[in-house]
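As structure tokens, the structure follows; a few thoughts come after it.
The values are calculated or read from the model by the stated rules, or taken from the named source; none is laboratory data. Note that the structure is predicted; figures quoted are calculated from it, not measured. Heads up, the Cβs are rebuilt from the backbone with ideal geometry, glycines too, and the neighbour counts pull from every protein chain shown. All accessible areas refer to the heavy atoms of the entire protein, side chains included, with ligands and DNA or RNA removed. Shrake-Rupley method; radii C 1.70, N 1.55, O 1.52, S 1.80 Å.
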Amino acid sequence: MRNLLVILLLFVSFCAGAQKRDSSGLARAMFDLNKSLIKKDTAALNKQLRDDVRYYHSNGWLQVKKDVIEDLYNGKLTYKEISAKIESVHLNGDIGQIRTVLDVDVSLNGKPIQLKLKVVQVWVWKENRWELYSRHSEKITA
């Protein structure tokens, strides 16, 4: 009986952690990506970012997957906090778009920066998970 309870609890926790192909699953993927950036979790980022991802920063700087991971690993970028407010989520088959307003506490080459950004992310559903395909941000200056 005890073993059955343990198996049931493991199954429930696995299902609760699994991503879903709906708006709540997409939002969860976005929040998980933010956590991975803060934790510098390169293993998670390897799964969350598509190999052909385009990651555009508000200053026009473009990173590809390799750049995002290397710049976190070598300390060029250090995300301390990312606070996200979702504005909208749109789904169309295997494609999802999420618009957010972010407050970001980051350092670039050791220099602390506080940013308020509007961000649009495009995600693709592949192999039962969301993968980031494109991210574009712009500064909010008001």
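Grab the beta carbon distance between Lys35 and Ala142, set R0 = 22 Å, and tell me the FRET efficiency rounded to 0.05.
0.20
In nm², what is the average projected area of the convex hull enclosing the Cα atoms of region 32-74? Spell out each step's value before the answer.
Details: hull surface 11.8 nm².
The orientation-averaged projected area of the Cα hull of region 32-74 comes to 2.9 nm².
With the crude spin-label approximation of a point 7 Å out along Cα→Cβ, what separation in nm comes out for Ser83 versus Asp103?
So the label points at Ser83 and Asp103 sit 0.2 nm apart.
Residue farthest toward the positive end of the dipole of region 45-142, with Cβ of Lys/Arg at +1 and Asp/Glu at -1: which of Ser134, Ile98, Ser58?
Going by the charge dipole, the pick is Ser58.
I'd like the antiparallel share, as a percent to the nearest 5, of DSSP beta bridges with both residues in the chain. Don't skip to the answer; put the middle values down first.
Numbers: 40 of 43 bridges.
DSSP beta bridges in the chain are roughly 95 percent antiparallel.
Ignoring ligands, DNA and RNA, what accessible area per residue does the chain give at 1.4 Å, in Å²?
I get 62 Å² per residue for the chain.
Taking the Cβ of Glu131 as the centre, find all other residues whose Cβ is under 11 Å away and add up their charges (Lys, Arg: +1; Asp, Glu: -1). Intermediate values should be presented prior to the final figure.
Details: positive: Lys47, Arg50, Lys65, Lys126, Arg129; negative: Asp51, Asp52, Asp94, Glu127.
That works out to +1.
Separation of region 41-67 and region 75-142 by C-alpha centroid, Å?
Using only Cα atoms, the two centres lie 11 Å from each other.
Which percent of the accessible heavy-atom area of the chain goes to carbon and sulfur, probe 1.4 angstrom?
C and S atoms contribute 54 percent here.
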